[in-house]
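What follows is one structure encoded as structure tokens, with my remarks underneath.
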Amino acid sequence: MFTDLALGALGHPRDLPTALELAARHGFGGVDPDVGHLRGLRSRTQVQELADDLTSRGLRWGIGGLPVSLTAAPAVFAEQLAALPQVAEILAAAGVGAVGTWVKPMDDALTYRRNWRLHVGRLALVAGVLDDAGIRLGLEYVGPKTFWSTERFPFVHTLAELRELIADAGAGNVGVILDTYHWYTAGETPADLRALTASDIISVDLNDARDDRERDEQQDQDRRLPGTTGVIDLSGFVDVLVELGYDGPVKAEPFLSTLAERPVDDVLAEVSDLLDRALAPAQELSRS
């Protein structure tokens, strides 16, 4: 496993070259690629130069954002899908191996089954384009009840449901983005994670939860940095990742508004240290 930097999730968005510099300065092992930045580069030479900068700093790519909305209106989805082959080609040229998106866990108009069919069909199309470029697709389920219960028809919001959705889509390059926050708010345990293999996992987010709210009161956009409240069983979660042999990116995504008020170097120093502490079991194993 390697620690991964996603600056936007920490309230300090920067351009990609700056993100590479900050990640190296603070001891991260990787950086999430900014798909928009890569799309804006004018030549393959610039793409290669950015990839070379990443490598020269001893960094790896994390996971980029999928530039296609799975729930967009049909015309919008068709337009985004048509543009995807060119984007995938650029990402592949930069050495990016994975992109990801979240599954909206509710809908006001579509019943569970109709929404399921929509996602299965669209996932198959998107995954096919990405597979042609050698890119994997990660899907993240969203666990907080305060979120998935806000529209008429709840949808996928647990790991078990997400695994079934991926299986129905029938694409071998689709896997799971795991987040301790969604794992906790979905009422899941280490046993649920043991149903996975390392190859099923595309990326991992480590977060904690507020200690003044019950599980079903937690808000999706109000999390805490990993290991700072002890509400979530972080060690149990990481221990399973070690058992499975997962070796991909691990980042913090707390959406904690107060982080934006602090100097970026202070925030990154703290986050890097917290992630290193959380991944200590994996680091010890790699040294043994």
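The values are calculated or read from the model by the stated rules, or taken from the named source; none is laboratory data. Only a predicted model underlies this, so the values are computations on that prediction, with no experimental measurement involved. Every residue, glycine as well, gets a Cβ built from its backbone with ideal geometry; the counts of neighbours run over all protein chains shown.
For Q48, are the conditions met, namely being within 23 Å of D132 (Cα to Cα), touching a Ser or Thr at 6+ places or on another chain (Cβ under 7 Å), of a type outside the set (F, W, Y) and in a helix (DSSP H, G or I)? The answer is no for Q48.
Looking only at segment 209-253, which residues are among the aromatic types (F, W, Y) and at pLDDT below 95? If the condition is that a residue be among the aromatic types (F, W, Y) and at pLDDT below 95, then no residue fits. The set of residues in segment 144-189 being assigned to a strand (DSSP E or B) and of a type in the set (D, E, K, R) consists of D179 alone. For segment 51-77, a residue qualifies if it is of a type outside the set (D, E, K, R), over 16 Å from A127 (Cβ atoms) and part of a helix (DSSP H, G or I), and the qualifying residues are A51, L54, T55, S56, P74, A75, V76.
Of all residues in segment 158-194, those satisfying the criterion of being of a type outside the set (D, E) and either modelled with pLDDT under 95 or within 21 Å of T229 (Cβ to Cβ) (or both) are L178, T180, Y181, H182, W183, Y184, T185, A186, G187, T189, P190, L193.
On the basis of being in contact (Cβ under 8 Å) with a residue 24 or more places away in the chain, of a type in the set (K, R) and either at positive phi or assigned to a loop (DSSP other than H, G, I, E, B) (or both), does R39 make the cut? Criteria not met by R39. Restricted to segment 45-62, and to residues there that are free of Cβ contacts under 8 Å to residues at least 40 places away in the same chain and of a type in the set (G, A, S), the residue that is nearest to L5 (Cα to Cα) is G58. Being over 18 Å from Y141 (Cα atoms) and in a helix (DSSP H, G or I) narrows it down to one residue among D192, D239; which is it? From the options D192, D239, the qualifying one is D239.
Checking the stated criteria, A109 turns out not to satisfy the condition of being crowded, with 22+ Cβ neighbours inside 10 Å and touching a strand residue (DSSP E or B) at 6+ places or on another chain (Cβ under 9 Å).
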